[in-house]
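Chemist: I'd like to ask you about the structure that follows.
The values are calculated or read from the model by the stated rules, or taken from the named source; none is laboratory data. Being a predicted model, the structure only gives us computed values, none of them experimental. Heads up, the Cβs are rebuilt from the backbone with ideal geometry, glycines too, and the neighbour counts pull from every protein chain shown. In case anyone asks, the SASA skips ligands and DNA or RNA and just uses the protein heavy atoms, side chains included. Shrake-Rupley method; radii C 1.70, N 1.55, O 1.52, S 1.80 Å.
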Amino acid sequence: METMFKKLTTLIRESDNVMIMAHHDIDMDAFGSSLALYEIVKSFDKNAYVFLENLKDNIAINHALECLENSKINISFLDEKNYIEKKKKNSLLVILDVYKQEMLEFPDVVTDFDHIVVIDHHVKNNKIQYPTLFEYISPDLSSINEIMVNYLKYLNKTVNPVIATIMLAGIEIDTNQFNVKTTDKTYEAAAFLTKIGANHILKQELLKEDRNSYLKRQHFVKKSFMVNKNMAMCILDEEHYERKDLAVIAEELLKFDDVEASFVIGRLDKETVYISARSIGKIDVEQYMRKLGGGGHTTDAAARFENQTIADVKNNLLNILNGE
Ligand SMILES: [Mn+2]
């Protein structure tokens, strides 16, 4: 990691300014790490910017933005149009918590940059479709915030307590409350953030969800059933869901007795059915998803199906889980 930090520091220092972009439907890990890098770039007396789309339904991030505002922390945000005014020939674009172009906050913007760095912790199945100066993709790491904490330590810098709180919330979300991909280094990162002032009450507030989405999730959790004594499966209705809705249910199922792996099947749109699979680490869910044409990580994998019914996908999955 230190070699990467060294390279990144040199690049930041050589650039006219730094623009930071994460994924569409930004979450606490992507947002917290963007803010951390923003502060780091600023501390080098360079201008920094964070790409952010219009966040209508993202309650958590809106709450985080309010906290930043109340603490008088001014972040310069950009969208896919106004970045042109700030973009210089030698601007560096740092992409965090994502590498796939179609999942970026503003996918078309990348083609405009000659200097791009990618820092991600998602499993890389495909080649990156745009040219990069370098990429650092480490699927075993809990979160981008863990990387940013190490970068802060490497530089001997800190961030504002509100940003530290958002970063801590990001680690908590990405590790499913310190359960998945959590190592001693993850706890050390959390300890560092606490030491520099992360507020645990504010963190809990940031992680609150609205009552309706909770109740809806409980409804599906109730309808879940066990497969092979140690796996839980949950089949959603025909409504359209986001991938993260499925992931959250899969993570919730892991909290129950005897559940070592969980599979949630739901519809993303008219054509697409999706499986989100999670494991506490004993069962390799990636191998199951790979058999269905998907992929991922031992503890975190998925597969998508075009033009199949939920019932077909369920049967195929059951056959594979039963070793047929
Ligand atoms: Mn992440």
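Chemist: Tell me, please, whether a residue that is away from the ligand (no atom under 16 Å from the Cβ) and within 17 Å of residue 149 (Cα to Cα) can be found in region 8-17.
Modeler: Among the residues of region 8-17, at least one is away from the ligand (no atom under 16 Å from the Cβ) and within 17 Å of residue 149 (Cα to Cα), which makes the answer yes.
Chemist: Sticking with this structure for a sec: For region 109-122, how many residues are in contact with a helix residue (DSSP H, G or I) (Cβ under 7 Å, 6 or more places away or on another chain), within 16 Å of the ligand (Cβ to nearest atom) and modelled with pLDDT of 95 or more?
Modeler: The qualifying residues number 1.
Chemist: Of the conditions (1) open to solvent by 60 Å² or more (accessible area, probe 1.4 Å); (2) at pLDDT 95 or above; (3) in a helix (DSSP H, G or I), residue 151 fails just one. Which one is it?
Modeler: The number of the failed condition is (1).
Chemist: Mind telling me which of the residues 125, 176 ends up being at pLDDT below 95 and crowded, with 16+ Cβ neighbours inside 10 Å?
Modeler: After ruling out the rest, the residue left standing is 176.
Chemist: Please determine whether any residue of region 14-23 is modelled with pLDDT of 95 or more, of a type in the set (D, E, K, R), open to solvent by less than 10 Å² (accessible area, probe 1.4 Å) and over 13 Å from residue 117 (Cβ atoms).
Modeler: No, region 14-23 contains no residue that is modelled with pLDDT of 95 or more, of a type in the set (D, E, K, R), open to solvent by less than 10 Å² (accessible area, probe 1.4 Å) and over 13 Å from residue 117 (Cβ atoms).
Here is a yes/no grid of residues against (1) within 16 Å of the ligand (Cβ to nearest atom); (2) open to solvent by less than 10 Å² (accessible area, probe 1.4 Å); (3) of a type outside the set (Phe, Trp, Tyr):
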site	(1), (2), (3)
28	yes, yes, yes
31	yes, yes, no
42	no, no, yes
46	no, no, yes
76	no, no, yes
80	no, no, yes
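Chemist: Could you tell me whether residue 88 is more than 16 Å from the ligand (Cβ to nearest atom), surrounded by 15 or more Cβ atoms within 10 Å (Cβ to Cβ) and at pLDDT 95 or above?
Modeler: Answer is no for this residue.
Chemist: For a quick check of your reading of the model, give me the residue pairs whose first member lies in region 150-172 and is not assigned by TED's automatic domain parsing to the domain that holds residue 195, whose second is buried (at least 24 other Cβ atoms within 10 Å of the Cβ) and among the aromatic types (Phe, Trp, Tyr), with beta-carbon atoms closer than 7 Å and at least 6 apart or on different chains.
Modeler: none
Chemist: Quick check on this structure: which one of 225, 220, 263, 305 is open to solvent by 60 Å² or more (accessible area, probe 1.4 Å), in contact with a strand residue (DSSP E or B) (Cβ under 8 Å, 6 or more places away or on another chain) and not assigned by TED's automatic domain parsing to the domain that holds residue 122?
Modeler: 225
Chemist: Let me confirm something: among 169, 164, 191, which residue is open to solvent by 10 Å² or more (accessible area, probe 1.4 Å), among the small types (Gly, Ala, Ser) and out of contact with any strand residue (DSSP E or B) (no Cβ under 8 Å at 6 or more places or on another chain)?
Modeler: Of 169, 164, 191, the one residue that is open to solvent by 10 Å² or more (accessible area, probe 1.4 Å), among the small types (Gly, Ala, Ser) and out of contact with any strand residue (DSSP E or B) (no Cβ under 8 Å at 6 or more places or on another chain) is 191.
Chemist: Restricting attention to helices (runs of 4 or more DSSP H) lying wholly within region 14-94, give those where 1 or more residues are out of contact with any Cys (no Cβ under 9 Å at 6 or more places or on another chain), of a type in the set (Gly, Ala, Ser) and over 21 Å from residue 109 (Cβ atoms).
Modeler: Fully inside region 14-94 and qualifying: 28-43, 59-70.
Chemist: Residue 6 passes all but one of (1) assigned to a helix (DSSP H, G or I); (2) touching a residue at least 60 places away in the same chain (Cβ under 8 Å); which number fails?
Modeler: (2)
Chemist: Within region 265-300, track down each residue that is part of a strand (DSSP E or B) and in contact (Cβ under 8 Å) with a residue 40 or more places away in the chain.
Modeler: Scanning region 265-300 gives 265, 266, 267, 273, 275, 278, 295, 296, 297, 300.
Chemist: Looking for whichever is open to solvent by less than 60 Å² (accessible area, probe 1.4 Å), closer than 20 Å to residue 141 by Cβ and of a type in the set (Lys, Arg) here; the options are 7, 100. Which one fits?
Modeler: Testing whether each residue is open to solvent by less than 60 Å² (accessible area, probe 1.4 Å), closer than 20 Å to residue 141 by Cβ and of a type in the set (Lys, Arg) leaves just 100.
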